[in-house]
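Reviewing the structure listed below.
Where a number appears in this text, it was derived from the coordinates with a stated rule and is not lab data. None of these values were measured; they are calculated from a predicted model. In this analysis, Cβ positions are derived from the backbone assuming ideal geometry, glycine residues included, and neighbour counts consider all displayed protein chains.
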Amino acid sequence: MTRDWANITLQQFYTKRLSSIESGCCKPSNDCNFSYVSPTNWTTTANSTYTNPDCHAWNNDPNILCLDCQSCKAGVADKYKHNWFDGVKALT
């Protein structure tokens, strides 16, 4: 995400079109019900139990975020799937 998003509101954030990688790797799942601070900074609710394991994996550290989340892995796979298909179309 670009730095010019740093001071946007939650409403503005949800109007942004995120790639599958940005959505899966750079923000927590909506299932987590975290409180928005900034696009890559979210506050967890104390003593919460989560059914989505990605909620436990989320970290506000910009070097970590949700890079080990299943949603991130799915976003990367989705990106490569689309790139692979486009490459095959170009060859035919």
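A few remarks follow.
- For the range 56-61, putting each phi into the Karplus relation 6.51 cos²θ - 1.76 cosθ + 1.60 with θ = phi - 60° gives couplings of 6, 7, 4, 8, 6, 4 Hz, in residue order, rounded to whole numbers and with x for Gly and Pro.
- Candidates Thr40, Thr51, Thr15: whichever shows maximal mean-square fluctuation once the chain is modelled as a Gaussian network with Cα springs under 10 Å: Thr15
- Just checking the listed ones, Pro62, Pro28, Pro39: in the Gaussian network model of the chain with Cα springs under 10 Å, the one fluctuating most is Pro62.
- Using θ = phi - 60° and Karplus 6.51 cos²θ - 1.76 cosθ + 1.60, couplings along the range 31-44 (whole Hz; Gly, Pro as x): 4, 6, 6, 6, 8, 6, 10, 8, x, 10, 9, 10, 9, 7
- If R0 is 25 Å, the Cβ-Cβ spacing of Asn52 and Lys81 corresponds to a FRET efficiency of close to 0.65.
- Coupling constants for the range 17-22 follow from the phi torsions by the Karplus curve (6.51 cos²θ - 1.76 cosθ + 1.60, θ = phi - 60°), and in residue order they are 8, 9, 5, 4, 6, 4 Hz; glycine and proline get x.
- Neighbour count of at most 16 Cβ within 10 Å plus DSSP loop: longest trypsin sites (Lys or Arg not before Pro)-free window in the chain: 18-92
- The chain - mean residue ellipticity at 222 nm from DSSP helices (-39,500 (n - 2.57) per run, n ≥ 4, rounded to 500): -12500 deg cm²/dmol
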